[in-house]
Amino acid sequence: MSKAFNTIDHNLLLIKLKDVGASPSMINWFQSYLTSRYQVVRIGTDVSDPLQMASGMPQGSILGPLLFNIYVNDLPSMSQHCSPHCYEDDTKLPLSFRLHDQETAISQKNQDLTKIRNWCFDNQLLLNPGKTKLLVCGSRKMALKVKDFGKSSCTCEMRQRPWRDSGHQFNF
């Protein structure tokens, strides 16, 4: 996602807080916390006029990551074929398949990507095409037999074992 913490819609967040069981008084508190906030930009000694924040989380807030996780809590349910792994604004959609099932895998991957793109649109979040990557893992022999997955809007990378991601090493 692109600028995810800055684009959170306050009204949608309040609805999602209600959906996860927040009490009316808690929702009122969060509404008060999120509204009537202003931001300024300082460059050297110059300071801009205050601008009211209509969306986003207050910069450096302790509640920001928690509220963002509540905001994206329903994102994993959009996927029908992959098993999403989410960490803040980073989402991975692993899909394991046998080589002879790759046409089905391509179709399933594209279906899930379309659903996630639509979810992002509905929730006023932007996907970052520059950070959207398709990672195909396997042996060198297998990689030579994999058809072109690059027909989608993401960059395709081929990885062989072992590889690291987010501090974890994967062997297959």
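The values are calculated or read from the model by the stated rules, or taken from the named source; none is laboratory data. Predicted, not measured: the structure shown is a model, and the values here were computed from it. Note: ideal-geometry Cβ built from the backbone for every residue, glycine included; neighbour counts use all protein chains shown. For accessibility, only protein heavy atoms count, side chains too; no ligands or nucleic acids. Shrake-Rupley method; radii C 1.70, N 1.55, O 1.52, S 1.80 Å.
I'd like to compare 121-130, 6-15: which one has the highest average count of other Cβ atoms within 10 Å, and what's the full order after that? Could you put the intermediate results ahead of the total?
On the way: 121-130: 13.9, 6-15: 16.3.
Sorting 121-130, 6-15 by mean packing, highest first, produces 6-15, 121-130.
Would you kindly find the accessible area of Val20, with a 1.4 Å probe and non-protein molecules such as ligands, DNA and RNA excluded, rounding to the nearest 10 Å²?
80 Å²
Translational diffusion coefficient, Stokes-Einstein: compute it for segment 15-65 using the Kirkwood radius over C-alpha pairs as Rh, at 20 °C and 1.002 mPa s, and state it as an integer in µm² s⁻¹.
Working: Rh = 12.9 Å.
Rounded, D is 166 µm²/s.
Counting only residues 5 or more places away or on other chains, whose amide H sits under 5 Å from the amide H of Leu126 once H atoms are built in the peptide plane?
Those lying under 5 Å, H to H, from Leu126 are Ser2.
Using a basic spin-label model with each label point 7 Å from the Cα along Cα→Cβ, how many nm lie between Phe121 and Gln39?
2.6 nm
Mind giving me the FRET efficiency for Asn110 and Asn11? R0 is 30 Å, r the Cβ-Cβ distance, nearest 0.05 is fine.
E between Asn110 and Asn11, to the nearest 0.05, is 0.45.
If I model segment 31-93 as equal point scatterers sitting on the Cα atoms and use the Debye formula, what is log10 I(q)/I(0) at q = 0.16, 0.18, 0.28 Å⁻¹?
Summing over Cα pairs of segment 31-93 leads to -0.69, -0.78, -1.18.
Among residues other than Pro84 whose Cβ falls under 10 Å from its Cβ, what is the net charge (Lys/Arg +1, Asp/Glu -1)?
Overall, the nearby charge balance is 0.
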